[in-house]
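The structure under discussion appears below in the form of structure tokens.
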Amino acid sequence: MNSASAKNTYITMQSKLLEDDEATCYLVEAISTRSKDENWLISLDKIKKSHKKIRRISIDRFYEIVFNDSRAFFKLCKALPTIIDDVLKENKNLKVKNTVFEELLKTNSDILSSLYLLAFSTYEGFTEFENKKWTE
């Protein structure tokens, strides 16, 4: 997100808080450098701004709030390969050619573990891809 978009988003969130004092606004980061739920610190007109109800949150923590389960995003990601396989089996006309998978195979034969550990290594539950533990 560029600085102009960030500024506009933050100002929109501030407006929401003025309208509804019960609200909390979240900037959800689908791919974050780490698992987090923190105040969003931003510079508006060269002045640092932060509000406890304007948050930057990684997608795993967002799913935790929505589903009341700290492992909800992990469970979704764990289910995705099965879902994708089912869709591909039901739709024989779909052809998938993805060089990303080919590159991941060169690194590690377990594509799922490689992909998830690369993107979500600090998220709740994802170390289990490394340890091969699939407990719920």
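Structural remarks
- Label reach from Thr24 (point 7 Å along Cα→C-beta): in region 52-76, amide nitrogens under 19 Å belong to 52-74.
- Loop-located GluC sites (Glu not before Pro) in region 22-77 (DSSP state other than H, G, I, E, B) with a sparse environment of at most 15 neighbouring Cβ atoms within 10 Å: Glu22.
- Per residue, the chain reaches -15500 deg cm²/dmol at 222 nm when only DSSP H runs of four or more residues are counted, each adding -39500 (n - 2.57).
- Rough spin-label spacing in nm, given labels placed 7 Å along Cα→Cβ, for Ile84 and Asp45: 4.7 nm
- Cα-based shape type of region 1-41, given that a ≥ b ≥ c are square roots of the gyration tensor eigenvalues and the cut on a/c is 1.5: oblate
- Taking Lys and Arg as +1 and Asp and Glu as -1, the other residues whose beta-carbon sits under 14 Å from that of Ile11 total +1.
- Prolate/oblate/rounded call for the chain, Cα gyration tensor, a/c under 1.5 rounded: prolate
- A simple count of charges around Val66, restricted to other residues whose Cβ falls under 14 Å of its Cβ and scoring Lys, Arg +1 and Asp, Glu -1, yields -1.
- Max mean-square fluctuation residue, GNM over the chain, Cα-Cα springs under 10 Å, options Lys48, Lys36, Lys75: Lys48
- Between Ala119 and Thr99, the simple label model (points 7 Å from Cα in the Cβ direction) yields a spacing of 1.9 nm.
Every read-out reported here was derived from the displayed coordinates using simple, explicitly stated rules and does not represent laboratory data. In this text, all values refer to a predicted model and were calculated from it rather than measured experimentally. Counting neighbours? That spans all protein chains shown, and the Cβs are built from the backbone with ideal geometry, glycine included.
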